[in-house]
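Inspection log for the structure reproduced underneath, given as structure tokens.
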Amino acid sequence: MNTREKNLDLLRVFAAFLVVMLHTSVRSVTTNIRLCNLNFTIANLFNAATRVAVPTFVLLSGTFLLGNPKNKDFPSFYKKTFYKIVLPTFITSLIYMYYVDVLNYGQALISHARLSEPIRLNPLLIFKGPCFYHLWYMYMLIGLYMVVPLLIRLKERVGMKNFMIIGCIFLAIDMAIIFYNEHFWPIRFVNYIGYLILGYCLHYYFSNCKKHSIFIIIAIGCYLLNALATEFIVRQGYFETTEKKLILYGHLTPFVLISTICLFIYFMSLPSKDSKLLIFAPHTFNIYLVHAGILVIFDQLIHNILKFSIPVIIYIPIMSIVIFLLSYEMSKLINFVTQKLKNWDKPHIESSYTMN
């Protein structure tokens, strides 16, 4: 893919916003789930819509990573992966590890209480696993990137049809085992190999699809069925724990899987044209990394310090937009600082003057 597919960039922006809304709405879901009140219903409608976000990112990764034959070269691809994914993940993990300690220390000072956990000084703790809730995706992504060269070679050996069958087999197996087992985090990426393969295959087979309206209808229909089924399970009290009550929220559950695939095909069928929303596209990676840190401050401020009571139907969309825009501004700052650091050791070229 030599030309920029702006419709897929638009999908990336949409998925990034959904991730922000997911984490913004999850508190309203968990705090109201046992009450089964109107606030839970509203939060559930918002949160169920966001569950396609992470698998959509994996589909997009498969589209671009597996579609580039150069990525089958192990040394060059792994070198690129280290600087673009691995290094930012570990740096961000270190920042979040100490960030959490600072927040805990500040909260202890405000409440005049003891620290619930000791301050962590050992930077090697980041290798034990994600130290902030949203960073699990980055650790999983590293695993996916490690198998990209192997998958490209497999694709070239077995052909497109068999490659898509392999992707579907991965998804089917993962859908079966996800209910019984949560992988140890270093191999959690295995659950998403099917999505990675499918991202490339769907782009290969459906990039010229014209009947796009049916796919968005199916995607919305599955989303509504997911929300209604979750509402029913919660109100009937079929499961004892919160995690089991939200069993249909999983990335490999049928409604989420179908919604994700249909949404992906729908955006592929859209014309690739300019949109004002595309200004966010180059910043989605940074937005994902920083949004949780910004959100936790607002969350503590609104609910624990100021103790505001804001209606859920207002809080979730407004706060999602605010956090998304602040994360975008933070991303621009990060890019500015990064660029300055890259140019730090480069000689400055001064303009010369000709004296007449």
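If I filter segment 46-83 down to residues being touching a Pro at 6+ places or on another chain (Cβ under 6 Å) and among the hydrophobic types (A, V, I, L, M, F, W, C), which single residue comes out as nearest to Met21 (Cα to Cα)? My answer is Phe77.
Could you go through segment 266-288 and let me know if any residue there is among the basic types (Lys, Arg) and in contact with a helix residue (DSSP H, G or I) (Cβ under 7 Å, 6 or more places away or on another chain). Within segment 266-288, one or more residues are among the basic types (Lys, Arg) and in contact with a helix residue (DSSP H, G or I) (Cβ under 7 Å, 6 or more places away or on another chain).
In the set Phe64, Phe77, Phe90, which member is in contact (Cβ under 8 Å) with a residue 24 or more places away in the chain, assigned to a helix (DSSP H, G or I), within 25 Å of Phe14 (Cβ to Cβ) and of a type in the set (A, V, I, L, M, F, W, C)?
Criteria check complete, one pass: Phe64.
For segment 289-332, the set of residues classified as without any contact (Cβ under 8 Å) to a residue 60 or more places away in the chain, of a type in the set (A, V, I, L, M, F, W, C) and surrounded by 21 or more Cβ atoms within 10 Å (Cβ to Cβ) consists of Val290 only.
The lone criterion from (1) more than 19 Å from the chain's Cα centre (by Cα); (2) in contact (Cβ under 8 Å) with a residue 24 or more places away in the chain; (3) closer than 25 Å to Tyr133 by Cα left unmet by Glu240 is number (2).
Go through the residues of segment 46-55 one by one and say whether even a single one is of a type outside the set (Gly, Ala, Ser) and either surrounded by fewer than 22 Cβ atoms within 10 Å (Cβ to Cβ) or not in a helix (DSSP H, G or I) (or both).
Looking for residues that are of a type outside the set (Gly, Ala, Ser) and either surrounded by fewer than 22 Cβ atoms within 10 Å (Cβ to Cβ) or not in a helix (DSSP H, G or I) (or both), one finds none in segment 46-55, hence no.
Given the structure, is Met140 in a helix (DSSP H, G or I) and at pLDDT 90 or above? It is true that Met140 is in a helix (DSSP H, G or I) and at pLDDT 90 or above.
The values are calculated or read from the model by the stated rules, or taken from the named source; none is laboratory data. Since the model is a prediction, treat every value here as computed from it, not as a measurement. When we count neighbours, we look across all protein chains shown, and the Cβ atoms used for this are built from the backbone with ideal geometry, even at glycine.
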